There are 2 protein chains.
Amino acid sequence: MTEAFLAQCRDIAGAAFVLDRLDDMAPYLTDWRGRFTGRALAVLRPQDTAQVALLVQACVRHRVPIVPQGGKTGLVLGSVPDDSGTAVVLSLGRLNRIRALDSINRTVTVDAGVILQTVQEAAAAHDLLFPLSLAAEGSCTIGGNLSTNAGGTAVLRYGNTRELCLGLEVVTPQGEIWDGLRALRKDNTGYDLRDLLIGAEGTLGIITGAVMKLFPQPRAAITALVALGSARDALGLLTLVQDTCGAALTGFELMSAVCLDLVATHFPQLQQPFGARHAHYVLLEVSSNESEQHAVALLERAIGQAVDEGVCDDAVVATSLAQSRGLWNLREHIPLAQAAAGKNIKHDISLPISRIPEFIATTDAALAAAFPDAEVICFGHLGDGNLHYNVAPKSGAGHDAFLANQLAINRIVNDNVDALHGSISAEHGIGALKREDLARYKEPVELNMMRAIKAALDPLGIMNPGKIL
Amino acid sequence: MTEAFLAQCRDIAGAAFVLDRLDDMAPYLTDWRGRFTGRALAVLRPQDTAQVALLVQACVRHRVPIVPQGGKTGLVLGSVPDDSGTAVVLSLGRLNRIRALDSINRTVTVDAGVILQTVQEAAAAHDLLFPLSLAAEGSCTIGGNLSTNAGGTAVLRYGNTRELCLGLEVVTPQGEIWDGLRALRKDNTGYDLRDLLIGAEGTLGIITGAVMKLFPQPRAAITALVALGSARDALGLLTLVQDTCGAALTGFELMSAVCLDLVATHFPQLQQPFGARHAHYVLLEVSSNESEQHAVALLERAIGQAVDEGVCDDAVVATSLAQSRGLWNLREHIPLAQAAAGKNIKHDISLPISRIPEFIATTDAALAAAFPDAEVICFGHLGDGNLHYNVAPKSGAGHDAFLANQLAINRIVNDNVDALHGSISAEHGIGALKREDLARYKEPVELNMMRAIKAALDPLGIMNPGKIL
């Protein structure tokens, strides 16, 4: 049975691209963080959409579950198989062509397996911007970005991956090819299957190609670091900068004092711009399609107003690319400093922006009451309402023992998120890791609609089983 | 049976809000353009979401089909019942509260039956912008805008209604209430039911409430009219203005010479800014969050470059609000001039922007060959790839006879749209009017996925039957 199936797969994709020896399969079975290793019947590496469709048809005939896999950089165990050994991993890595770039329509049509950075570079070669940007961009694929509706650092101005996509090509759970590669800004002809497939984490079909939006390259981006007395002041600053700068505001990152303390401890060589310690900091970025001068003027005007209105204690504006890099470095070294300090308990949450000070205050207090040794490392994309609200032991030691509190700490954080109508997974998705949390926090009405759609489109349940639902 | 059903409805909504006399029902049964009058068992006018849910439950028990209705301004017979007389119209008009406005999170939570203009005014009262804007804004409801994913004049900068919505409250075809009123910019917790319901034209459930995005009010908007030698030059101009102005570009409307001729004939009192006649014109609008001076400088720089690059023959920049109004008036009087000239055959289509000159050339030629008397009135939101490509008889007489060619002319236009991977309904939807066209031009794979979803969420088929599918 298995042999007959594998023989069919070899006929379709070529023997070299059907891996069933454990050491050949190994790189495809362990998740990005190295926390889990699954098992698989085989790893399939088709070269194009037609082969993907034929392989899915073979899986349907033999009732073999399929785990679609892109760059495998996800954080919620969405793209690795479980430990049953009954599924195949279907790697999209060989579907790696930029199919077309239309510089007038401002769209690029890509295979799902193209690396995100390659898409960015293809756009830049035409003096255009593909704005999706995130830490894993050198490894993750656009198909994975779409399947997880990836967020990243440009969401404030350009939206999540969903907002950047105009059309999809998808192999259905029946092994048919849906050519939805439309490159249109307006199209009201029936149900929005595109957005249903985006973020479905490979449970409703396999994305094999996409049409993505491109934008003009900004001529300049200017950065500032602003010191503030409270998280509530950060909201005042956000409102003010949005009004002054409109769409020119491209970054608004919140960091607590604890975050910069941690960076100072582990990366003393990085220059910290302020002499005094402040409760919170905001990293601001303003971009301009006109000139650097224009961006500087906008940013300085906004900060001047913030000082006048008392929502800003101090500020430095980067006057060179190197200074700007230095300020972003502080932000980007927070996770590195955390890693250097030891393991911690991470939360990728979002809230209505107006509720963030309340969330921080009540959750900090609840954690302090339950775990006097807990320290919160809170930073994130405040402009998107997205916080990385991480928890570690104060002492700096005993990290492994502290991790035993993970479930209890998750519960406190997620209950508070839920009470303020937030999301327990802002940009990482659900995968296998947060499946139980989803069942806990989603209303039955919504879960039932999701289950009905899953059963309708994938009645055999062979697409990425055990993920999301 | 019917009496038992109506009695239940009266118990739920109150006798005054269950209309079953023909003259009471009449205003709910004829479509906006007055082309079709349906029949209904009754018109139900619930006052809140709870009543909507109870009414749907009553309909489920008695297997009564439901036609949800907002402002009834749709153009594709999506919100009026068929002539069977078996369905109820469920009017959302009494769900008309602004539930909450959060000026920091920049969101407004509204009942589905709130008039679009009321949402705009609520935002403006907080010095914020709700950008959705279209001709029917004084009558249409936000629920109808969502159910049809309405477009309008601000899509270039702010997107369609879908892009403006963060969360929905929906009564399911089972009469359950799904509270998806999330006010989050990032939320990756399962399938995107929100976007599936948006644009579903009431066939998958009834939208009863929504969370919509708000934006800073621009301080100034400056308008120019540019004369061009060809539609291809309009693409050159678009690229150039996008690069120069970025997100400040808020309008880019194409009009052919025939359009302005028609306006000159029927509205001779409107001033036409150019002495000479040009093949095409573009109405440009640039907005600024900074100042009027900034908007003028941006626009003049872009037009200067366009002259230098030879993609622009002549241009006038409005230097006052009155002049700006005058230029927009020319654009807005095109449909009025058409109506004055007599009936015509309308198409609301979209294309990849880069294919528009090719589409116009080949479709103009095909129509001229088949109907030597046909004249094309082509204008639209070029920046969105959305054309109103209307066809009338040249002579200005014999309009009724010419309309007999409607099906043949639709076929030529839609076949050309399809060949260039465009959409046969860019912003109006499908409703009952374009259902057969949808079946003709959509791939079976996509239609089957749509049918599977419909059957899964509405197994009794009681939600707006005969629309879309």
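Summary of computed values
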item: Top-ranked residue in the stretch B:64-81 [being in a loop (DSSP other than H, G, I, E, B) and aliphatic (A, V, I, L, M); ranked as surrounded by the most Cβ atoms within 10 Å (Cβ to Cβ)]; result: B:80
item: Flag for residue B:456 being open to solvent by 10 Å² or more (accessible area, probe 1.4 Å), of a type in the set (A, V, I, L, M) and more than 11 Å from chain A (Cβ to nearest Cβ); result: no
item: Criterion (more than 9 Å from every other protein chain (Cβ to nearest Cβ), within 30 Å of residue A:45 (Cα to Cα) and in a loop (DSSP other than H, G, I, E, B)) met by exactly one of A:202, A:209; result: A:202
item: Enumerated helices (runs of 4 or more DSSP H) restricted to the stretch B:86-178, each holding at least 1 residues that are more than 21 Å from the chain's Cα centre (by Cα) and under 24 Å from residue B:221 (Cβ atoms); result: B:116-125
item: Considering residues of the stretch B:157-196 that are surrounded by fewer than 22 Cβ atoms within 10 Å (Cβ to Cβ) and within 25 Å of residue B:243 (Cα to Cα) only, the residue farthest from the other protein chains (Cβ to nearest Cβ); result: B:158
item: Only listed residue being open to solvent by less than 10 Å² (accessible area, probe 1.4 Å), of a type outside the set (Lys, Arg) and modelled with pLDDT of 95 or more, chosen from B:349, B:360; result: B:349
item: Residue tally, condition over 28 Å from residue A:186 (Cα atoms) and open to solvent by less than 10 Å² (accessible area, probe 1.4 Å), over the stretch B:374-413; result: 1
item: Residues being within 12 Å of chain A (Cβ to nearest Cβ) and in contact with a Phe, Trp or Tyr (Cβ under 8 Å, 6 or more places away or on another chain) - total across the stretch B:214-230; result: 2
item: Qualifying residues in the stretch A:1-34 (those that are within 22 Å of residue A:74 (Cβ to Cβ) and touching a residue at least 40 places away in the same chain (Cβ under 8 Å)) - the one surrounded by the fewest Cβ atoms within 10 Å (Cβ to Cβ); result: A:33
item: Residues (more than 15 Å from residue A:253 (Cβ to Cβ) and assigned to a strand (DSSP E or B)) located in the stretch A:328-375; result: A:345, A:349, A:374, A:375
item: Residue selected from the stretch B:419-439 under the condition charged (D, E, K, R) and touching a residue at least 24 places away in the same chain (Cβ under 8 Å), by the criterion nearest to residue A:186 (Cα to Cα); result: B:427
item: Some residue of the stretch A:231-246 being open to solvent by less than 30 Å² (accessible area, probe 1.4 Å), more than 14 Å from chain B (Cβ to nearest Cβ), within 25 Å of residue A:302 (Cα to Cα) and touching a residue at least 60 places away in the same chain (Cβ under 8 Å); result: no
item: Positions within the stretch B:414-444 being in a helix (DSSP H, G or I) and open to solvent by less than 20 Å² (accessible area, probe 1.4 Å), in sequence order; result: B:414, B:417, B:438
item: Residue match in the stretch A:292-314 (condition: acidic (Asp, Glu), surrounded by fewer than 20 Cβ atoms within 10 Å (Cβ to Cβ) and assigned to a loop (DSSP other than H, G, I, E, B)); result: yes
item: Options B:223, B:244, B:239: the member that is part of a helix (DSSP H, G or I), among the polar types (S, T, N, Q) and at pLDDT 95 or above; result: B:239
item: Residue count, the stretch B:125-150 (criterion: modelled with pLDDT of 95 or more, within 14 Å of chain A (Cβ to nearest Cβ) and open to solvent by less than 50 Å² (accessible area, probe 1.4 Å)); result: 11
item: Residue among A:103, A:84 that is open to solvent by 30 Å² or more (accessible area, probe 1.4 Å) and closer than 22 Å to residue B:243 by Cβ; result: A:103
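The values are calculated or read from the model by the stated rules, or taken from the named source; none is laboratory data. All values derive from a computational prediction rather than experimental measurement. Backbone-built Cβ (ideal geometry, glycine too); neighbour counts: all protein chains shown. Only protein heavy atoms, including side chains, enter the accessible area calculation; ligands, DNA and RNA are left aside. Shrake-Rupley method; radii C 1.70, N 1.55, O 1.52, S 1.80 Å.
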